[in-house]
Amino acid sequence: CLQSQSRPRYPNSFFPASGFSYFRRLGSTINRLESWYSLCCSGLVAQQTIQILCCTQQAWKQALSRFCIDEFSVKTSPYECCEYKDEERWTCFNSQLPNPHYFGKPGYTSPPMPAEPGFSFNP
C-alpha cells in the first residue's frame, strides 16, 4: 500500500499503435491489479492489516485469472502459467516474479489511471 504510486502503470499511449497485443494484455493486467490494490488499501473494503493482506491476495488472483481468460481468448499460445489450474497456477506465477517484494521504482510517480471495475473482496 505504501509504494502504490511508485509502481509502473501502462496507459494506452505507452504502447505502439499496432501490434504488441500480448504486452497490452500484460499492461492492462498490471493496471487492473494496481487499481484493485488501491481499493484494498483505501480502507473502503478492508480496514485491518490482515484484511488488507487478504484483499490484495484476492485482487492478485482475480487479476491473474482475468489475464488467463484474456490469454485464452486470442489465437496465440497462452502464457505458460495460465495452462495450470488452482495452486499450480499460483505457484507458477509466484516462481516467475521479477520483483517478488513488489517494490516501487525510486523517483517514479505513476500517472493517474481510471479505476478498474470487476473486483469484489470476500472477507
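Values quoted throughout were computed directly from the atomic coordinates according to the rules given, and no laboratory measurement underlies them. The shown structure was predicted, so the numbers you read here are calculated from the model rather than taken from an experiment. Note that we place each Cβ from the backbone using ideal geometry, even for glycine, and neighbour counts take in every protein chain shown.
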### Message
Please flag any cysteine in the chain that has no other cysteine's Cβ under 4.7 angstrom from its own Cβ.
### Response
Cys54
### Message
Can you give me the distance in nm between label points at Asn122 and Phe103, each placed 7 Å from the Cα along the Cα-to-Cβ direction?
### Response
3.5 nm
### Summary
In deg cm²/dmol, rounded to the nearest 500, the helical mean residue ellipticity at 222 nm of the chain, built from -39500 (n - 2.57) for every DSSP H run of length 4 or more, is -15000 deg cm²/dmol
### Query
Are there trypsin sites (Lys or Arg not before Pro) in region 14-84 that DSSP marks as loop and that have at most 12 other Cβ atoms within 10 Å, and which are they?
Lys75
### Summary
If R0 = 30 Å, then Ser13 and Gln51, at their Cβ-Cβ distance, give a FRET efficiency to the nearest 0.05 of 0.25
### Task
Would you list which aspartates and glutamates come within 16 Å of Lys85, measuring only between C-alpha atoms, while excluding same-chain residues fewer than 8 positions from it?
Asp70, Glu71
### Summary
Exposure proxy check on Ile69, Ile30: fewest-to-most Cβ neighbours within 10 Å is Ile69, Ile30
### Summary
Projected onto the charge dipole of the chain (unit charges on the beta-carbon of Lys, Arg, Asp and Glu, signs +1, +1, -1, -1), the Cα from Asn94, Gln48, Ser6 with the largest positive-side position is that of Ser6
### Task
Would you list which lysines come within 27 Å of Lys105, measuring only between C-alpha atoms, while excluding same-chain residues fewer than 8 positions from it?
Lys61
### Query
For the chain, taking Cα atoms only, what is the radius of gyration to one decimal and the Dmax to the nearest whole Å?
14.8, 44
### Query
What nm distance separates the two modelled labels at Ala115 and Thr76, each placed 7 Å from Cα along Cα→Cβ?
3.2 nm
### Message
Please state the shape class of region 1-47: rounded when a/c is under 1.5, otherwise prolate if a/b exceeds b/c and oblate if not, all from the C-alpha gyration tensor.
### Response
prolate
